[in-house]
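Since the structure comes first, as structure tokens, the remarks are kept for the end.
Read-outs throughout are calculated quantities, based only on the coordinates presented, and are distinct from any laboratory measurement. All figures in this text were calculated on a predicted structure; none of them were measured in a lab. Cβ sites come from the backbone with ideal geometry, for glycine too, and all protein chains shown count toward neighbours.
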Amino acid sequence: MQPLVPFVRDSALGPHDALVDALRAAMPDIDLQIHADIPIDRLGEPTVAIVDGPSIEQLSTIANLRLVQSTWAGVEAILPAVPDGVEVARMVDPQLGLTMAEAVLAWTLYLHRDMPRYARQQRQADWVEHVPVRASNRRVGILGLGALGRLAGETLRDQNFDVAGWSRSRKTIDGIACFDDEPGGGGIDALLERSDIVVNLLPDTPATVGLLGTEAFARMPPGASLINFGRGPTVDDDALLAALDGDLETGAHLDHAVLDVFVTEPLPDDHPYWGHPRVTVLPHISGPTSTDTAAVIAAENVRAFLADGTLPIDAIVDRTRGY
Ligand code: NAP
């Protein structure tokens, strides 16, 4: 009999047919069933579940779990629902890396070439030229040099930006100034102080909640900008709004924020970000799961785990670190 693998997804997130079809095509040797369609008496069978997004309630109904394979890179929402001793595998997909690097490049160029400023000028019918800054003089700092941050940094470096990055452990990346939290690594302050554009690609963990707050923004050069493509809780929203409010001559410290992720998603209708002239709101689209490639990777991981209990090392979530 084929092993039964539940597919768990919160129905509020919308249709999942394309991903389920791709997973079934990638794992014909496995009986992939949508969680809601599995009779209760069979929910004790599975050793592996595939989870698409935060779906805590359904996950807790599955007994006998040994592996939860996430189709997302960020797993903070599912960790509280997974009992100790159960492995969690996150999605590490080269295609996701390319999509995210493209988004980081696109929105870095948006800020680099002053598009928010020209949009403001257009609304005033204001014809004013500003001399473009060379990419090699634009300092971009990436928070997080993991699967996504590293490729994003390399992509910006290849476009001649002056790129630095910060991670917990030491990294050496050609053409990128790497800061870290190890002794002598400079820490986050060294990165913030030299970055005209800060790109957040950190996971949401207890150590990153509120990391970008009043003190962090004050360390960034006046007129710097923020791109948050990691997770919403890393940014202190009140501190960011305070840093953006007013114009740069009368006290605002930051110029613009491009935000793709929020503490509450969808962003509530009355949130001040929506109407803020110095904020660009995106609906969590910088790095969506790539259905076909993610299905193949999830299938490979599930197959390897069922065969001999192994997983690719970079997919394994360290429960104590939270990523
Ligand atoms: P990853 O490979 O696990 O990399 C995480 C990076 O952050 C690592 O370099 C890690 O340092 C660093 N880090 C974590 N905690 C830190 C801390 N407290 N201090 C300093 N550095 C820390 O993760 P990834 O695949 O690149 O994904 C990153 C995040 O992007 C995901 O967790 C998710 O939240 C977000 N994401 C967003 C979207 C979107 O559409 N907006 C899509 C996909 C993912 P070490 O290298 O030293 O461990």
Q.
Testing the spin-label approximation: label points 7 Å from Cα along Cα→Cβ at residue 124 and residue 281. State their distance in nm.
A. 2.4
Q.
For a quick check, take a GNM of the chain with Cα springs below 10 Å and name the residue from 223, 184, 165 with the largest mean-square fluctuation.
A. 184
Q.
Quick check: net charge around residue 182, other residues with Cβ under 14 Å of its Cβ, Lys/Arg +1 and Asp/Glu -1?
A. +1
Q. Taking the Cα centre of the range 6-149 as origin and charging only Cβ (+1 Lys, Arg; -1 Asp, Glu), how large is the dipole, in debye to the nearest 20?
A. 1040
(Q) Counting only helical runs of four or more DSSP H residues, what would the 222 nm mean residue ellipticity of the chain come to if each run contributes -39,500 (n - 2.57) and the total is spread over all its residues? (A) -8500 deg cm²/dmol
Q) For residue 113 and residue 193 in one chain, what is 0.36 nm times their gap in residues minus the Cα-Cα distance, to one decimal in nm? A) 26.7 nm
Q: Could you bin all the Cα-Cα distances of the chain into 10 Å bins starting at 0 and give me the percent of pairs in each, rounded to whole numbers?
A: 5, 25, 31, 22, 12, 4, 1, 0
(Q) With just the Cα atoms defining each centre, how far is the range 307-323 from the range 231-256? Give it in Å. (A) 37
Q | Charge dipole of the range 180-313 about the Cα centre (unit charges at C-beta), most positive-ward option of 251, 274, 312 | A | 312
**Q.** C-alpha long axis of helix 291-308 to longest principal axis of the chain, angle in °
**A.** 50
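Could you quote the convex hull projected area for the range 95-281, Cα atoms only and averaged over all directions, in nm²?
Projected area, direction-averaged: 11.0 nm².
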**Q.** Stretchable slack from residue 306 to residue 270, in nm (0.36 nm times residue separation minus alpha-carbon distance)
**A.** 8.3 nm
Q | Gaussian network model of the chain, Cα within-10 Å springs - most flexible of 80, 116, 203 | A | 80
Q. Under the definition of Cα pairs under 8 Å and six or more residues apart, what whole-number percent is the relative contact order of the chain?
A. 17
Q | Of 227, 40, 173, the one that fluctuates the most in a GNM where the chain has Cα springs shorter than 10 Å | A | 40
Q. For residue 320 and residue 1, FRET efficiency with R0 = 41 Å and r from the beta-carbon atoms, rounded to 0.05?
A. 0.70
**Q.** Counted charge near residue 196, where neighbours are those whose Cβ lies closer than 10 Å (Asp, Glu -1; Lys, Arg +1)
**A.** +1
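Please compute the contact order of the range 95-281 in relative form: average sequence separation of alpha-carbon pairs under 8 Å and at least six residues apart, divided by the residue count, as a percent.
Relative contact order for the range 95-281 comes out at 16 percent.
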